[in-house]
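Everything below concerns the one structure shown next.
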Amino acid sequence: MGKEIESFDENSLNTEERILQAAIEIFALKGYDATGVDEIAKKANVSKPLIYYYFKSKKNILEKLIERYIKSYFPEKEDYIQEITSINKEDLYERLQERMDFFSKNDKALKVIAMELLKSNSESESIVALINPLFDAAIPKIAEMGVDIDDRMDLVVSTFFFGTAPVLMLFLYGDKFCEFYKIDREELDKRFFRVMKSIYIDFFVDQFEAQKK
């Protein structure tokens, strides 16, 4: 017998929001490809034609989720980059905690989005394409702070594969990891945060200090 889809308080949500929340629940349970618009309509307690009033297609629902949880997140990150005047561990610890809190709060939606972006054949919809503007904003700012960046690609590789990729793995395999090792998700998140601090942020800051002009 399959897992039951968790319910939500549909009375507190407007119609478009109910559709999005219903889609998140079912996409997370069954996967995007295996989910039908009929199922989303039933879960949201709306008619199928009403879904098409708000969204052109099932793909448009996914695009709306990406816009809300991913694309809207990056401008705030770019603003933060522009405000940085120095690179220090405590500030980066705080930002990492904020990011972990955001991810934890929106875990189901972000898991769905991560899975679909990884499957996407569209270059413009890839995870790499979405985060690349952050590199474009960060590299000149880092240079302003006196860090000599000899190889931009080294910075991109280290940030993507040692900063972004581990978070994606946490989204995609965190629940399975907890199930296998018999630990709760809160404990996993705490351990992940601690390891990210010591392995990624501490190394990142030490390398930057060493490369100052």
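What to note about this one:
- In the stretch 28-37, residue nearest to residue 120 (Cα to Cα) [restricted to those that are in contact with a helix residue (DSSP H, G or I) (Cβ under 6 Å, 6 or more places away or on another chain) and not aliphatic (A, V, I, L, M)]: 32
Residue-by-condition table, conditions (1) at pLDDT below 85; (2) surrounded by 14 or more Cβ atoms within 10 Å (Cβ to Cβ); (3) touching a Lys or Arg at 6+ places or on another chain (Cβ under 7 Å):
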{"site": "141", "(1), (2), (3)": "yes, yes, no"}
{"site": "147", "(1), (2), (3)": "yes, yes, yes"}
{"site": "154", "(1), (2), (3)": "yes, no, no"}
{"site": "200", "(1), (2), (3)": "yes, yes, no"}
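- Residue match in the stretch 144-166 (condition: farther than 24 Å from residue 72 by Cβ and hydroxyl-bearing (Ser, Thr, Tyr)): yes
- Criterion (closer than 14 Å to residue 110 by Cα and not aliphatic (A, V, I, L, M)) met by exactly one of 76, 90, 67: 67
For every residue, the table says whether it meets (1) assigned to a helix (DSSP H, G or I); (2) crowded, with 16+ Cβ neighbours inside 10 Å.
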{"site": "29", "(1), (2)": "yes, yes"}
{"site": "43", "(1), (2)": "yes, yes"}
{"site": "46", "(1), (2)": "no, yes"}
{"site": "66", "(1), (2)": "yes, yes"}
{"site": "91", "(1), (2)": "yes, no"}
{"site": "101", "(1), (2)": "yes, no"}
{"site": "110", "(1), (2)": "yes, yes"}
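- Filter pass, residue 101 being of a type in the set (Asp, Glu) and at pLDDT 80 or above: yes
- Within the stretch 11-27, being acidic (Asp, Glu) and either surrounded by fewer than 15 Cβ atoms within 10 Å (Cβ to Cβ) or touching a strand residue (DSSP E or B) at 6+ places or on another chain (Cβ under 6 Å) (or both) holds for one residue alone: 17.
- Residue ID - farthest from the chain's Cα centre (by Cα), chosen from residues in the stretch 94-148 that are among the small types (Gly, Ala, Ser) and either within 22 Å of residue 187 (Cβ to Cβ) or outside the structural domain of residue 166 (by TED's automatic domain parsing) (or both): 104
- For beta carbons closer than 6 Å, sequence separation of 6+ or different chains, a first residue in the stretch 126-153 that is in contact (Cβ under 8 Å) with a residue 60 or more places away in the chain and a second that is aromatic (Phe, Trp, Tyr) and surrounded by 16 or more Cβ atoms within 10 Å (Cβ to Cβ), the qualifying pairs are 147/208.
The values are calculated or read from the model by the stated rules, or taken from the named source; none is laboratory data. Note that this is a predicted model, so its numbers are computed, not measured. Because the Cβ atoms are built from the backbone with ideal geometry, glycine has one as well, and the counts that use them run over all protein chains shown.
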